[in-house]
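All of the numbers you see were taken from the coordinates with simple rules; none came from a lab. This is a predicted model, so every value here is computed, not measured. Virtual Cβ from ideal backbone geometry, glycine too; neighbours counted across all protein chains shown.
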Amino acid sequence: MNTYFTILLFLVPIFLLLSRTRRYSKRIPPGSLGIPLIGQSLGFLRALHNNTAEKWLEDRIRKYGPVSKLSILGKPTVFIHGQAANKFVFHNNSSILANQQPESFAKILGDRNLMEVSAPDHKRIREALVSFLKPESLKQYIGKADEEVRKHIEIYWKGKQTVTVLPVMKILTFDIICSLLFGFEQGKQRDQFLYSFQEMLNGFWAVPINLPFTQYNRGLRESVRAQKLVKELVHEKRVLLEKKGASPRQDLITFLVSMHDEDGKPVLTDKEIVQNVVLSLLGGYETSATVITFIIRQLANEPTVCAAVLQEQQEIAKSKASGESLTWEDLAKMKYTWRVVMETMRMFPPIFGGFRKALTDIEFDGYLIPKGWQIFWAAPMTHMDSSLFPEPSKFDPNRFEKQASVPPHSLIPFGGGPRMCPGNELARIETLVAIHYLVTRYEWKLCADNLFSRDPMLKPTQGLPIKVWPRELA
Ligand code: HEM
């Protein structure tokens with residue numbers, strides 16, 4: 001009897017352990033984590049580069065089903081997709097899902113940037129940024145954006161026979177954001193910033209995509225330099241504010257410096273101001289430049305769409321006196337052009353996808369996502385789903401004629417929920433103003449191949465060189 005009892009005493013825990021492990025592993029999504037550290041990163045990054053990432057993901061779905069595990073950027077990851085997945089990722093409780101970025105992002109941008117912090121700091125910093133970036137406050141900066149676009153056309157388009165669109169659009173969006181965020185214009189200071197920011201962006205991806213380590217180090221070095229320059233600006237703006245020589249809303253830095261709570265304490269520390277101003281510039285200039293570049297590409301490929309945009313923009317131009325700036329009301333009239341922007345972002349989202357991190361064991365679609373694992377979302381999976389957007393490969397701005405026809409949680413170029421891009425309104429202003437002046441003043445055609453890739457940001461392979469000539473006014 002005693003022997004039986006002892007055997008039982010040993011067997012019961014083993015049986016319980018085995019059945020728990022079996023249950024646990026059964027619920028973990030299918031797939032493979034691949035070779036340690038490398039996992040599927042190289043295959044996925046290669047697919048992004050070759051512009052076959054959607055197919056790469058569809059192949060996974062065919063093989064493993066809608067929820068699967070893999071390893072990206074050295075971390076165990078669960079890939080999920082579809083409307084319910086987007087809702088799960090973007091609208092989940094922040095105490096269950098946190099934001100997750102490659103480690104190099106935090107190293108380069110610092111640990112107090114919006115993408116690294118979680119509630120309640122995320123809410124406090126985000127609210128401060130959004131009070132400046134919300135439509136009601138951005139209205140007053142349309143004149144500045146208008147001025148920058150005209151200056152840009154004078155320098156980079158006027159008298160030219162060819163223009164390589166992406167690099168010049170990056171300069172334009174950089175200048176617009178600099179004038180709004182930093183309150184300074186073209187000159188030596190801007191050139192230093194432009195160099196530093198480009199190097200920081202390169203540094204971001206150097207580690208995740210295995211570029212030479214020197215590139216990452218350059219990113220880090222330039223980040224220190226850019227943050228030092230912004231810190232000096234913070235100091236200058238504070239002195240000006242105290243001397244009443246500046247209005248709080250003249251630029252983002254002055255605005256953030258001027259914010260105090262009811263006890264008179266600054267809402268953001270200087271470190272938070274510096275890191276989040278840098279983040280906003282980095283998050284904003286390349287993405288917006290990419291969207292404008294792809295609209296220019298689409299307008300060259302789609303003459304009917306181009307004619308409709310031109311007609312809408314010429315109506316607005318006719319209502320303006322010579323040299324008069326566009327206004328908020330003018331932008332509200334650009335309804336068709338905005339649909340073209342939306343359709344461009346549907347088919348060519350500048351940001352392919354992103355990550356969240358499970359802060360606790362969490363379930364999705366019957367599967368377990370273990371604590372600490374990444375969750376990977378990808379915009380094209382719903383953007384190009386024919387059950388959500390019929391004939392998804394057809395460029396059809398009219399699909400956005402009725403806002404209600406866009407299925408919920410399906411169009412996510414700006415992400416969604418509490419972490420949705422706070423710069424979306426600024427991006428709208430930059431894009432519509434740029435398209436207004438370009439389309440009413442110039443005609444163009446593509447003079448190289450139509451190919452594009454993701455490195456990992458979307459870009460035409462040759463930067464989109466175009467042949468340009470002034471538009472003959474009818
Ligand atoms: C067409 C242009 C843009 C696109 C497509 C875009 C896209 C995105 C996406 C996909 C995210 C991640 C959302 C998430 O994880 O849920 C994001 C976050 C962010 N974007 Fe943008 N963005 C654009 C322009 C801008 C601009 C102009 C600014 C600057 C003012 C900006 C600042 C930010 C910031 C600060 C975040 C982090 C938000 C947070 O974590 O709470 N973006 N953006």
Next item on the list: Give the angle, between 0 and 90 degrees and rounded to the nearest 10, that separates the Cα long axis of helix 2-27 from the longest principal axis of the Cα atoms of the chain.
Entry: 20 degrees
Next item on the list: Excluding residues on the same chain fewer than 8 positions from residue 75, give the lysines whose Cα lies under 17 Å from its Cα.
Entry: 357, 371
Next item on the list: Would you mind giving the three semi-axes, in whole Å and largest first, of the ellipsoid equivalent to the chain according to its Cα gyration tensor?
Entry: 43, 29, 20
Item checked: Table column - 3J(HN,Hα) (Hz), segment 422-436, Karplus curve with 6.51, -1.76, 1.60, x for Gly and Pro -> x, x, 4, 6, 5, 4, 4, 4, 4, 5, 5, 5, 4, 5, 3
Item checked: Per-peptide average of other Cβ atoms within 10 Å, ordering 307-315, 162-170, 238-246 highest first -> 162-170, 307-315, 238-246
Check: With a sphere of radius 13 Å drawn around the Cβ of residue 246, what net charge do the other residues whose Cβ falls strictly inside it have (Lys, Arg +1; Asp, Glu -1)?
Finding: +2
Note to self: Taking 32 Å as the cut-off for C-alpha to C-alpha distance, list the pairs among 107/335; 170/231; 87/394; 123/228 that go past it.
What the structure shows: 107/335
Next item on the list: May I ask you to evaluate 6.51 cos²θ - 1.76 cosθ + 1.60, the Karplus curve with θ = phi - 60°, for each residue of segment 94-104 and list the ³J(HN,Hα) values in order in whole Hz, giving x for glycine and proline?
Entry: 6, 7, 9, 10, 10, 6, 9, 10, x, 4, 4
Checklist line | Computed log₁₀ I(q)/I(0) - Debye formula, equal Cα scatterers, no solvent, segment 139-285, q 0.16, 0.21, 0.22 Å⁻¹ | finding: -0.94, -1.31, -1.37
Margin query: Let me test this: with uniform point scatterers at the alpha carbons of segment 36-117, what is the Debye-based log₁₀ I(q)/I(0) at q = 0.12 1/Å?
Written below: -0.45
Item checked: Relative frequency of Cα-Cα separations exceeding 28 Å in segment 301-452, percent -> 34 percent
Notebook entry, point to check: Which distance in nm do the two modelled labels at residue 50 and residue 214 give, with both placed 7 Å along the Cα-to-Cβ direction?
Noted result: 2.9 nm
Check: Okay, helix-only estimate at 222 nm for the chain: each DSSP H run of n ≥ 4 adds -39500 (n - 2.57), divide by all residues, round to 500 deg cm²/dmol; what do you get?
Finding: -17000 deg cm²/dmol
Item checked: Label point distance in nm, residue 365-residue 225, each placed 7 Å from Cα along Cα→Cβ -> 4.6 nm
Next item on the list: Identify the trypsin sites (Lys or Arg not before Pro) of segment 309-416 meeting these criteria: DSSP loop state and at most 14 other C-beta atoms within 10 Å of the C-beta.
Entry: 320, 371, 394, 402
Margin query: Per 0.36 nm of contour for each residue apart, how much would the distance between residue 61 and residue 140 grow if the chain were fully extended, relative to their Cα-Cα spacing?
Written below: 23.7 nm
